[in-house]
Structures are given as structure tokens and as C-alpha cells.
Amino acid sequence: MQAIFNKHGYTVGWLSGKDLYNLKGNFIGFLKGNAVYNNSSQYCGTLKQSFFRDYSGYVVAFLSGAKNSPALPSFKVLPSKPTKKQKLANKVAPPSPSTKPPKPSWSKLDWEIFIQ
């Protein structure tokens, strides 16, 4: 499992393979290619070069190893990895819309709003 960090350096979720989990281990979304979908199969944004980006191309969160802009915060204490809860069967994800060019700044959306 890889930790997902917000713009303040706090862990906000976990990526395990193509599945996204919250801090309690509940399934909250998945990846299909670079597209990010929530657990209702609604398109949320993209994951490219270790950055989760919203529909407009702004950075919402990042994985360890992300480089370049925007400026990244220092990491806060990493919580223990949760036990993954049983996930519901993925619904069929619709095709992802065309994406906007990446922006070198942070989104106004926080992770919880992004992935809803």
C-alpha cells in the first residue's frame, strides 16, 4: 500500500494496486488507466506522475516520489496501514473525459471532496 498525501503532508488515503482506500481501510475508489473514479464509478480526475489532479488539472494529492511543481510539503507522521475492508464489486466505469493540461499549483478541493 502506498500512502496518499495532501498539500499539508498528511496521509489522506492509501493506494493498493488500482484500488483506493481511506484511512480506515474502506474502499473509496479505483484507477482505470490514469483516470480516478470514486466507489460509485464517477470520474474524479487523474493520477499522473504521482500527482492526483482534479478535472481542471490542479493537484489534489500526491504519492511519495512525486517531483516538480507544485512545491511539496514535508511529510507528517505516517499512520499505520489499515486492514483493507471488503470492497464492493466495481461498477463499469464510463470513459474518462478529456483532461485539462496539468497546472503547477494546488487545487481548492481537498481529498475527501475530490473522491466523493
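For residues that are farther than 18 Å from F75 by Cβ, in a strand (DSSP E or B) and in contact (Cβ under 8 Å) with a residue 40 or more places away in the chain, tally how many sit in the range 1-37.
Qualifying residue count for the region: 12.
With the condition kept exactly as written, say whether any residue in the range 31-52 is of a type in the set (D, E, K, R), within 18 Å of S107 (Cα to Cα) and out of contact with any helix residue (DSSP H, G or I) (no Cβ under 9 Å at 6 or more places or on another chain).
yes
Could you grab the pairs with beta carbons closer than 6 Å, sequence gap of 6+ or different chains, first residue in the range 49-61 and among the polar types (S, T, N, Q), second one in a strand (DSSP E or B)?
What qualifies is S50/F62; S50/L63.
Determine, yes or no, whether G65 is closer than 13 Å to I4 by Cβ, out of contact with any strand residue (DSSP E or B) (no Cβ under 8 Å at 6 or more places or on another chain) and surrounded by fewer than 17 Cβ atoms within 10 Å (Cβ to Cβ).
Here the answer is yes, as G65 does meet what is asked.
In this structure, is V60 crowded, with 18+ Cβ neighbours inside 10 Å and either part of a loop (DSSP other than H, G, I, E, B) or of a type outside the set (F, W, Y) (or both)?
Taking the combined requirement at face value, the residue satisfies it.
Which condition does F52 not pass, out of (1) under 18 Å from I113 (Cβ atoms); (2) within 13 Å of the chain's Cα centre (by Cα); (3) part of a loop (DSSP other than H, G, I, E, B); (4) not acidic (D, E), if it passes all the others?
So F52 meets the others, but not (3).
Considering only the range 86-116, state which residues are modelled with pLDDT of 90 or more and of a type in the set (S, T, Y).
S105, S107
For A71, are the conditions met, namely being among the small types (G, A, S), on the phi < 0 side of the Ramachandran plot and modelled with pLDDT of 95 or more?
It is false that A71 is among the small types (G, A, S), on the phi < 0 side of the Ramachandran plot and modelled with pLDDT of 95 or more.
Conditions tested, residue by residue: (1) surrounded by 13 or more Cβ atoms within 10 Å (Cβ to Cβ); (2) more than 11 Å from N6 (Cα to Cα); (3) without any contact (Cβ under 8 Å) to a residue 60 or more places away in the chain.
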position	(1), (2), (3)
N39	yes, yes, yes
Y43	yes, yes, yes
L47	yes, yes, yes
S74	no, no, no
T83	no, yes, yes
S96	yes, yes, no
P101	no, yes, yes
W106	yes, no, no
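The values are calculated or read from the model by the stated rules, or taken from the named source; none is laboratory data. Because the structure is predicted, anything quoted here is derived from the model rather than measured. Note: ideal-geometry Cβ built from the backbone for every residue, glycine included; neighbour counts use all protein chains shown.
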